[in-house]
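Heads up, the thing below is written out as structure tokens.
Bear in mind that the values in this text are calculations on the coordinates, not laboratory data. Just so you know, these numbers come straight off a predicted model, no measurement behind them. FYI the Cβ positions are ideal-geometry reconstructions off the backbone, even for glycines, and counts take in every protein chain you see.
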Amino acid sequence: MMDTTMKGSLQSVQGTWKTVSVAAQQKNLAQLAAMYMKNDGLVIVWQYHRVIWGRWTKGGLTFSDGADLDEGLILEVRLFNDREELHLRRSGTAYTGRYICDGEGTSGDFVDTSARLWGELQSFHDGYAVLKDTQRFITLTIPAAQQAPYYVLTTRNYITIHENGQAGYGDYRFLAVTPWKGGH
């Protein structure tokens, strides 16, 4: 059960989470996802030449452009859903990072925040929204459950008390991509 209280303009939620370090692994991305991720979710991959979004299911990884992923070009990847995230960085042929799962482990507070993604809807097909920001010359294709003019990326920020006694964000993870409920 989560206790929700308002603190200023941010909503703090009390819950539990567990963080697991992922040591250098020579496995491919799909194998690591299968080892850690309990539920289907979204994936974002930063490569040398692009950022691409897709989906993770127990059947594997699929991407917005339908192409296979060249893992040799990966810099960073996040697989996430409303309960967990696997965040990895690639160095050489190995991945390192961490897995975080809500609902078990350490008790504490966290804050969920949403940031609007650049661009507005240009097209929607096969569960993907194509967003275009004409002023910045940016096009982004994101997984989306429904069509909307704008979308947000929601992050969960875990509050920890540091050695000096000050509170801050000890870690954060991606939570969801959802339609934006604001104006322009």
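Observations, loosely collected:
- Net charge contributed by nearby residues that have their C-beta within less than 14 Å of I52 (K/R +1, D/E -1): -2
- Most mobile of G41, G59, G103 in a GNM of the chain (Cα contacts under 10 Å): G59
- One compactness figure for the chain is 1.08, namely its Cα radius of gyration divided by 2.2 N^0.38 Å.
- Note on segment 16-102: percent of Cα-Cα distances in each 5 Å bin, starting at 0 and stopping at the bin with the largest distance, equals 3, 15, 29, 27, 18, 7, 2, 0.
- Between segment 26-58 and segment 112-184, the Cα center-to-center distance that results, in Å: 18
- Test item: Cα-centred dipole of the chain, Lys/Arg +1 and Asp/Glu -1 on Cβ, debye: 120
- When only Cα pairs below 8 angstrom with a gap of at least 6 residues are kept, the chain shows a relative contact order of 20 percent.
- Loop-located chymotrypsin sites (Phe, Trp or Tyr not before Pro) across segment 7-72 with a Cβ neighbour count of 13 or fewer within 10 Å are Y48, with loop assigned by DSSP.
- Value of relative contact order over segment 16-102, rounded to a whole percent, pairs C-alpha under 8 Å and six or more apart: 37
- Estimated 222 nm signal from helices in the chain, with DSSP H stretches of n ≥ 4 weighted -39500 (n - 2.57), rounded to 500: -1000 deg cm²/dmol
- For Q26, neighbours were defined as the other residues whose beta-carbon sits under 14 Å from its Cβ, and their charges (Lys and Arg +1, Asp and Glu -1) total +1.
- Taking trypsin sites (Lys or Arg not before Pro) across segment 85-184, the ones in a DSSP loop with at most 15 further Cβ atoms lying within 10 angstrom of their Cβ are R136, K181.
- Loop GluC sites (Glu not before Pro), segment 72-170, which have at most 12 other Cβ atoms in a 10 Å radius of their Cβ (DSSP): E104, E163
- Label-point separation, A167 to D133 (7 Å along Cα→Cβ), nm: 3.1
- Residue with peak Gaussian network fluctuation, the chain [Cα springs, cutoff 10 Å], from G54, G119, G105: G105
- Distance (nanometres) between label positions extended 7 Å along Cα→Cβ at L121 and M35: 3.9
- Charge context of F110, other residues only, Cβ under 10 angstrom, K/R +1, D/E -1: -2
- Pairs spanning more than 25 Å between alpha-carbon atoms, out of K18/K38; K18/K58; K58/K181; K27/K58: K58/K181.
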